[in-house]
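A quick write-up on the structure given underneath.
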């Protein structure tokens, strides 16, 4: 009887010790989990702070990055203008080329834009030198200066159909920009199908086409 009692007491003691040991282990595990969770929370806070700083830096430098990209596009696309200029050298004499540039330069002057003098000079370039690069640029300029919608559409279509390979010194392609402007005009008039067709033509025929700020006319 005493032996059984002793055995029972010993068993209870062992169970108690095991329970205490288990409790201690569980406590250590819980502490480790709490510490790990605290470290994770700290890391998440640091990551959030770092992301906010990155966003701030991107916002601060976005204009400079965008401007650099635009200038790079203009530099790349300028080759199209240089190619057309060389072609004109074979079509016209030096005297004619100087005359074309003198007439055309008026429209490029900020204080002359949309003036009667600019419109007259551009019309002379188009009429007297229709195969010149500047004639195509001139037609598109005249379209942008025109307020009458029917006449504007006519000029834009002329630029598209007869001067698509002309290019400005900043790399803008007449065929591309004329389509872009006409697509905008059609979209405002509710001619969505025609606008979409022109936009698709820009993507297909003029990949990388830009406006005068060096921005892409349409996304790739």
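Just so it is clear, none of the values below were taken in a lab; they were calculated from the coordinates. Owing to the predicted nature of the structure, the values given are computational and were not obtained by experimental measurement. Here the Cβ positions follow ideal geometry from the backbone for every residue, glycine too, while neighbour counts run over all protein chains shown.
Listing 77, 43, 145 from fewest to most neighbouring C-beta atoms within 10 Å gives 43, 145, 77. Based on Cα contacts under 8 Å between residues 6+ apart, the range 120-214 shows a relative contact order of 21 percent.
Please report 115, 27 as a ranked list, fewest other C-beta atoms within 10 angstrom at the top and most at the bottom.
27, 115
Size descriptors for the range 77-205: radius of gyration and Dmax over Cα atoms are 14.7, 47 Å.
Taking 0.36 nm per residue of separation and subtracting the Cα-Cα distance, full extension of the segment from residue 91 to residue 203 would add 37.3 nm.
Between residue 99 and residue 48, the contour length at 0.36 nm per residue exceeds the Cα-Cα span by 12.1 nm. Under the simplified labelling scheme, the residue 29-residue 68 pair shows an inter-label distance of 5.4 nm, with each label point 7 Å from Cα along Cα→Cβ. A simple packing score, the average count of other Cβ atoms within 10 Å per residue, orders the peptides 165-173, 134-142, 194-202 as 134-142, 165-173, 194-202, with the highest score first. Over 21 Å, how big is the tail of the calculated P(r) for the range 126-194, in percent of all Cα pairs? Summing the P(r) of the range 126-194 above 21 Å gives 20 percent of all pairs.
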